[in-house]
Amino acid sequence: QCTYLEIEQAERTHAVVLSRPAWLWGAEMGANEHGVCVGNEGVWTREPVGEDEALLGMDLVRLGLERGSSAREALEVITALLERYGQGGSCKEEPVSFVYHNTFLLADRTEAWVLETAGRYWAAQQIRGERALVILGRWGVLSPPLSLTPPPAFAEGSRNISNQLSIGREITAEHAGLRQRARSQGWWSGDGEFSFAEVFSLPHQPARMEAAKARYRAGKELLRQHAGHITAETFMAILRDKDSGICVDSEGFRTAGSMVSVLPQDPALPCVHFFTATPDPSRSVFKPFVFVANIKPVPQVRSPTFRDDPAKQIPRFQSTVDRRHELYRRHQATLELMERDQEWGQKLLQTLRDLEKQGLEGMNALLGGSVAHPQEELADLFFDCVEAEMKFYT
């Protein structure tokens, strides 16, 4: 059972860690036990959005992670389900429908992809380069160990997306009927090279798309500025950048959660996934998570469930419920105090940054091979970091 549709179950699913809107089944971003990471963004294209309930882009994120043991396999899962079931239905927990199509970033230890969709149609681009770096407005992936000395060099292979089609002529794979669809609608004559973004983008973009263009350009420039010196900390700083609009906190929208993943190419080293689990990364703590056996549950970051959930009742979203988990409640209350007493707030923010730095240093040591963490320690890692953050809020 996905958010709106029931689909056939897979024989086996992989362990996943997800950052998701609490009311739905899917996820905005996440990772699985095989080191596959997927995140999505909304886009608007020439193809009409589907008001009928189908699969959400966020459902496809989770399905790709649960069923794909590599980035390429996750892409194949997502595109097959998209072609079969389509995408549609409201992506917001409100009575007024909010519908969009989706772009995705997919990465594993060895390769990365951008997948962009328009209705049931899609195009995918493999990210070329010695190592792949991908970033969107709330998510980043780094393929070698992080923040080592000297830092890993990246002269190429970086990629970002932000609420617009960005795959041009560099198409690695596509829907079998993509070009015929474009010709039949009069969007492409069939002459010259085919650009997915040029052909399927709206000729007159809504106002929000102009802001998306600025974010996209800013993300690309920030990656360029740091080329050759990109670390996990670099990604965290980019995700916190408010001037560019990458860290959103205006016009009723706020970056709801952020994730940075480190995917070592050496399979003997673990993948490390840093999650904020709270909104606005500029005032949140990135906490490390590693897939090991017997991971300690972290109820402090699980939202409550409701017997008569308004997201599941028909008609939907006729009432509201408080879905904040315990860490979010304490985080939000502390932010209000920080705004009232800015001097104290800055001191607390620095304390939280120190906590984050400890986590980064510990993971650097783990990935650098200088320290061996027992499995039990890694199993408690995310729980312990959440508990430490909550104590500072108390």
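The values are calculated or read from the model by the stated rules, or taken from the named source; none is laboratory data. Because the structure is predicted, anything quoted here is derived from the model rather than measured. Because the Cβ atoms are built from the backbone with ideal geometry, glycine has one as well, and the counts that use them run over all protein chains shown. Accessible surface areas use protein heavy atoms only, side chains included; no ligands, DNA or RNA. Shrake-Rupley method; radii C 1.70, N 1.55, O 1.52, S 1.80 Å.
Our coupling estimate for region 266-278, obtained by passing each phi through the Karplus curve with A = 6.51, B = -1.76, C = 1.60 and θ = phi - 60°, is 7, x, 6, 9, x, 7, 10, 10, 9, 10, 7, 6, 9 Hz, Gly and Pro reported as x.
Partners of Lys213 within straight-line reach, counting aspartates and glutamates whose Cα lies under 18 Å from its Cα and excluding those fewer than 8 residues away in the same chain: Glu41, Glu116, Glu198, Glu221, Asp241, Asp243, Asp249, Glu251. Taking a label point 7 Å from the Cα of Ser282 along the Cα→Cβ vector, which residues of region 320-338 have an amide N closer than 17 Å to it? It comes to 332, 335-338, nothing else. Within the same chain, aspartates and glutamates fewer than 8 places from Lys242 are excluded, and of the rest, those with a Cα less than 13 Å from its Cα are Asp280. Quick check: at a probe of 1.4 Å, how many percent of the accessible area of region 16-393 sits on carbon and sulfur atoms? Whole-percent figure for carbon plus sulfur exposure: 48.
The length gained on full extension between Phe253 and Arg169, counted as 0.36 nm times the residue separation minus their Cα-Cα distance, comes to 27.0 nm. Each of (1) 48; (2) 52; (3) 42 is a candidate for percent of Cα pairs over 29 Å apart; the one calculated from this structure is (3).
Under the criterion of Cα pairs below 8 Å and six or more residues apart, the relative contact order for region 16-393 equals 14 percent. Between Glu76 and Ser319, the modelled label-to-label distance comes to 4.7 nm, taking each label 7 Å out from Cα in the direction of the beta carbon.
Between Ala372 and Thr110, the simple spin-label model (points 7 angstrom out along Cα→Cβ) gives 2.7 nm.
One decimal place: the segment Glu361-His229 gains 45.8 nm when fully extended, by the rule 0.36 nm per residue minus the C-alpha distance.
Once the Cα-Cα distance is subtracted from the 0.36 nm per residue extended length, the Arg353 to Arg208 segment shows a gain of 49.0 nm. Close amide H pairs (under 5 Å, H built 1.01 Å from N) link Ala54 with Gly88, Gly89, residues at least 5 positions away or on another chain.
Compute the FRET efficiency between Phe306 and Asp191 as 1/(1 + (r/R0)^6), taking r as their Cβ-Cβ distance and R0 = 51 Å, and round to the nearest 0.05.
Computed FRET efficiency for Phe306 and Asp191: 0.35.
In this rough spin-label picture, where each label sits 7 Å from Cα along the Cβ direction, the Glu326-Glu6 distance is 3.4 nm. What the chain shows is 46 Å² of accessible area per residue, with the surface traced by a 1.4 Å probe over protein heavy atoms. For Cys271, the accessible area of its heavy atoms, probed at 1.4 Å with every protein chain present, is near 10 square angstrom. Applied to region 162-168, the Karplus parametrisation 6.51 cos²θ - 1.76 cosθ + 1.60 on θ = phi - 60° returns per-residue 3J(HN,Hα) values of 6, 6, 7, 5, 9, 7, x Hz, with x for Gly and Pro.
Measuring between alpha carbons in the structure, the pairs from Lys220/Lys296; Lys312/Lys357; Lys296/Lys391; Lys296/Lys347 lying more than 29 angstrom apart are Lys220/Lys296; Lys312/Lys357; Lys296/Lys347. Note on the chain: with a GNM built from Cα contacts shorter than 10 Å, the maximum mean-square fluctuation among Pro48, Pro304, Pro374 falls on Pro374.
Across region 22-36, coupling constants 3J(HN,Hα) worked out from phi with the 6.51/-1.76/1.60 Karplus curve, θ = phi - 60°, read 5, 7, 10, 8, x, 8, 6, 6, x, 9, 10, 5, 9, x, 8 Hz, and Gly and Pro carry x.
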